[in-house]
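The values are calculated or read from the model by the stated rules, or taken from the named source; none is laboratory data. Quantities reported herein were computed from a predicted structural model and do not represent experimental measurements. Here the Cβ is made from the backbone with ideal geometry for all residues, glycine too, and neighbour counts use every protein chain on show.
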């Protein structure tokens, strides 16, 4: 993954956005609506033919062109198999465009609402489609996109945080100690799981990236797609107390295993993957803090209370990783 340069987004004015899109041959009608996105900049854009498009302008220097195109190819392969995803539009033979110093892609607008998180049939339906995604994901391997592992999601982000000056001095020792213990717990969880298979994943499959329509779910935003264990795309669908999560997991796997086998040893990784995400997320905010959108959207970040909560959170995760894995409900 390439080094971030947040400040370049300051040059992405409405005129720049519209001019870039018109460079592809699409005629805009001047309507431009910024959508909720922080890693990239995403807009709904009106066109003269009446069909709005969604334009994603990629964060400069985050992914290589080859890694972006690899994501596009994966999503296109899913769409070819009638899996409900939203592939990038092919315009002039390309899905990735360059204009004005920015890289961007265009997508058809896909409406939808949030799914019902506790509904058994909704969870099974989502599970069926994740199973189909994984069946395709296992056919080939990513070459350009990275793997989800302890080094990239835990060791490197925690080292960055400890060296960056973001953590208050009086909490630095506590954070360093607890993150070291947490990463030891993650490694032990991976050891208990053993040699599990990895495959191409959505990578960020929480309910916010699932749009529900009368025809069922649509999966959006494969920007974090990478290689990893299958359970990475399942655990973020779970919430609540342990008993609730076990029931939810049972519903998800009921749908998932209709299309793809699931290795139950991967359940040892649920809390380990959650721990890695928590560490990685804090570092993600720190790395993006020079982007003006981040202090406005996350004003609670980098306060004394924020880092105190992170220390407590990791202590809780250390305890959770010592518990038996979730047992899927009936």
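Side notes on the structure shown:
- Annotation: of all residues in the stretch 285-307 being in contact with a helix residue (DSSP H, G or I) (Cβ under 8 Å, 6 or more places away or on another chain) and in a helix (DSSP H, G or I), the one that is surrounded by the fewest Cβ atoms within 10 Å (Cβ to Cβ) is 304.
- Some residue of the stretch 58-78 being in contact with a strand residue (DSSP E or B) (Cβ under 7 Å, 6 or more places away or on another chain), closer than 17 Å to residue 209 by Cβ, part of a helix (DSSP H, G or I) and without any contact (Cβ under 8 Å) to a residue 12 or more places away in the chain: no
- Residue 136 vs. criteria modelled with pLDDT of 95 or more, assigned to a helix (DSSP H, G or I) and not assigned by TED's automatic domain parsing to the domain that holds residue 55: yes
- Selection status of residue 142, assigned to a loop (DSSP other than H, G, I, E, B), more than 30 Å from residue 178 (Cβ to Cβ), modelled with pLDDT of 95 or more and touching a strand residue (DSSP E or B) at 6+ places or on another chain (Cβ under 6 Å): yes
- The residues on offer are 171, 148, 89, and the sole one that is in the same structural domain as residue 197 (by TED's automatic domain parsing) and under 25 Å from residue 222 (Cβ atoms) is 148.
- Residues of the stretch 259-283 satisfying the condition of being farther than 15 Å from residue 234 by Cα and without any contact (Cβ under 8 Å) to a residue 60 or more places away in the chain: 278, 281
Results for (1) under 30 Å from residue 256 (Cβ atoms); (2) exposed (fewer than 15 other Cβ atoms within 10 Å of the Cβ); (3) more than 22 Å from the chain's Cα centre (by Cα), shown as yes or no for each residue.
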| site | (1), (2), (3) |
| --- | --- |
| 50 | no, yes, yes |
| 58 | no, no, no |
| 63 | yes, no, no |
| 77 | yes, no, no |
| 86 | yes, no, no |
| 93 | no, yes, yes |
| 96 | no, no, no |
| 100 | no, no, yes |
| 111 | yes, yes, no |
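- Some residue of the stretch 186-198 being assigned by TED's automatic domain parsing to the domain that holds residue 153, in a strand (DSSP E or B), in contact with a strand residue (DSSP E or B) (Cβ under 7 Å, 6 or more places away or on another chain) and in contact (Cβ under 8 Å) with a residue 12 or more places away in the chain: no
- Hits in the stretch 229-245 - residues which are surrounded by 18 or more Cβ atoms within 10 Å (Cβ to Cβ) and more than 20 Å from the chain's Cα centre (by Cα): 245
- Here residue 208 passes the criteria (1) surrounded by fewer than 18 Cβ atoms within 10 Å (Cβ to Cβ); (2) in contact with a helix residue (DSSP H, G or I) (Cβ under 6 Å, 6 or more places away or on another chain) except the one numbered (2).
- Filter result for the condition that a residue is assigned to a loop (DSSP other than H, G, I, E, B), assigned by TED's automatic domain parsing to the domain that holds residue 162, touching a strand residue (DSSP E or B) at 6+ places or on another chain (Cβ under 7 Å) and buried (at least 18 other Cβ atoms within 10 Å of the Cβ), over 202, 218: 202
- Test: residue in the stretch 308-321 that is under 30 Å from residue 127 (Cα atoms), modelled with pLDDT of 95 or more, touching a helix residue (DSSP H, G or I) at 6+ places or on another chain (Cβ under 8 Å) and in a loop (DSSP other than H, G, I, E, B): no
- Counted residues, the stretch 17-36 - those being outside any strand (DSSP E or B), free of Cβ contacts under 8 Å to residues at least 24 places away in the same chain and within 18 Å of residue 90 (Cα to Cα): 2
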